[in-house]
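Derivation of every value follows stated rules applied to the coordinates shown; laboratory data play no part. Worth saying up front: this structure is predicted, and the values here are computed from it rather than measured. Quick reminder, even Gly has a Cβ in these numbers, built from the backbone with ideal geometry, and neighbours come from all protein chains shown.
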Amino acid sequence: MDRPTTGGFTKTPGWLDWYDGPSKPELKLPPGAVDAHCHVFGPGTEFPYAPERKYTPCDASKEQLFALRDYLGFARNVIVQATCHGADNRALVDALRASNGRARGVATVRAEVSDALLQELHEAGVHGVRFNFVKRLVDFTPKVELLEIAARIAELGWHVVVYFEAADLPELWDFFSALPTPVVVDHMGRPDVSMPIDGPEFKLFVKYMHEHPQVWSKVSCPERLSHSGPPALYGERRPYADVVPFARRLVEMFPDRVLWGTDWPHPNLKGHMPDDGLLVDYIAQIAPTQELRRKLLVDNPMRLYWPEE
Ligand code: 0GY
């Protein structure tokens, strides 16, 4: 289906639209399950994309996100500010306010952000900021500025979400260790899953989590990390087999510090757009018991994003 981005914005050539006909998951999610990593994009007519963005996505509205939440069987969302909106969090805040308390957020702010704006974000349901180190997505921000932001948001009880490539962990290690808040790593620090699970790269990430009890990991995005697929495994309902051991290792070693999310509407995917129903069934492979799934999908995200409940 052609869904051109509107509001004077044209999608980046080759941009894959999110998949509009997800299957119904076979896995029954525990009551109160949280999709702890997803985004809203625009719509561009209402919430313009940021001038400094590295891509222009297709629109993906809050109504579409909430419909997917209900269809898949989730109760709540954690909406993460994506780089195409820069530090303009209006689309995020709009979605949070429309969610009737069923969504919380992770924002992007610059060092010059006012206390009043931080307070407004807090009241809307923001509980964290995202620091992005993926070079294809953002321009460089000096670490001293990030540390200033971290010190200010720590006072609000927020945490820091970090997104980086596995090869950059050694360089970022000391900076992450200096952060005064819980640190949530996106997508397991993006391991190369063609490498052995006990090889130096993933071992370093496991060591990092082991040595830092304040560090959490999202065990999400097999569709980004997989070399084995789908598409070949569509229909089989056990997709992304090559990523499973990595995610399962973290779920079993750190059951109280893992989160999971769909990553809808799946920015910057090349090759295939995942069926979100299949992604939910993937959870059964990485968290094989009901207890692990309850921690991953309910207890852990509730502790971080709805601590008052
Ligand atoms: C993700 C992934 C990506 C993009 C962003 O903020 C963003 O633009 O997060 C990516 O391209 O890997 O997980 O949302």
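Worth a mention:
- Where GluC sites (Glu not before Pro) fall in DSSP loop in the range 98-174, at most 12 other Cβ within 10 Å: E112, E155
- The modelled label-to-label distance for the pair H227/E211, using points 7 Å beyond Cα in the direction of Cβ, is 2.8 nm.
- Residue among V244, A178, F140 farthest towards the positive dipole end of the chain, charges placed on Cβ: V244
- Applying the criteria of a DSSP loop state and at most 12 other Cβ atoms within 10 Å to the chymotrypsin sites (Phe, Trp or Tyr not before Pro) of the range 102-161 yields F140.
- Integer Hz, Karplus 6.51/-1.76/1.60 couplings in order for the range 219-224, x for Gly and Pro: 9, 9, 6, x, 5, 7
- In the range 30-63, GluC sites (Glu not before Pro) in a DSSP loop with at most 13 other beta-carbon atoms within 10 Å: E46, E52
- Here's how it looks for D59: its modeled amide H is under 5 Å from those of T5, T6, which are all 5 or more places away or on a different chain.
- At R0 = 22 Å, FRET efficiency that the Cβ-Cβ distance of E309 and Y71 yields, to 0.05: 0.35
- Net dipole in debye of the chain [+1 Lys, Arg Cβ; -1 Asp, Glu Cβ; about Cα centre; nearest 20]: 420
- Estimated from helical segments only, the mean residue ellipticity of the chain at 222 nm is -9000 deg cm²/dmol, where each DSSP H run of four or more residues counts as -39500 (n - 2.57).
- For the range 34-305, the orientation-averaged shadow of the C-alpha convex hull comes to 13.3 nm² (one quarter of the hull surface).
- Karplus-derived 3J(HN,Hα), 6.51/-1.76/1.60, for each residue of the range 25-36, Hz, glycine and proline x: x, 7, 6, 8, 6, x, x, x, 5, 10, 7, 9
- Ranked by how many other beta carbons lie within 10 Å on average, peptides 246-255, 196-205 from highest: 246-255, 196-205
- Model label sites at T10 and D139, defined 7 Å from Cα along the beta-carbon direction, differ in position by 2.4 nm.
- Taken over the range 169-309, the convex hull of the Cα atoms encloses 121 Å³ per residue.
- In straight-distance terms, cross-link reach from K62 covers every one of the aspartates and glutamates whose alpha-carbon lies under 17 Å from its own, apart from those fewer than eight places away in the same chain; here that gives D17, D20, D35, E46, D70, D88, D94, D263, D276.
- Annotation: amide H-H contacts under 5 Å for H37 (H modelled 1.01 Å from N, sequence separation of 5 or more, or interchain): V78, G261, T262, D263.
- Inter-label distance, nm, simple model (7 Å from Cα along the C-beta direction), R152/T289: 4.4
- Vicinal HN-Hα couplings computed from phi for the range 141-157 (Karplus, 6.51 cos²θ - 1.76 cosθ + 1.60; Hz; Gly/Pro x): 10, x, 5, 4, 5, 5, 5, 4, 4, 4, 5, 6, 6, 4, 5, 8, x
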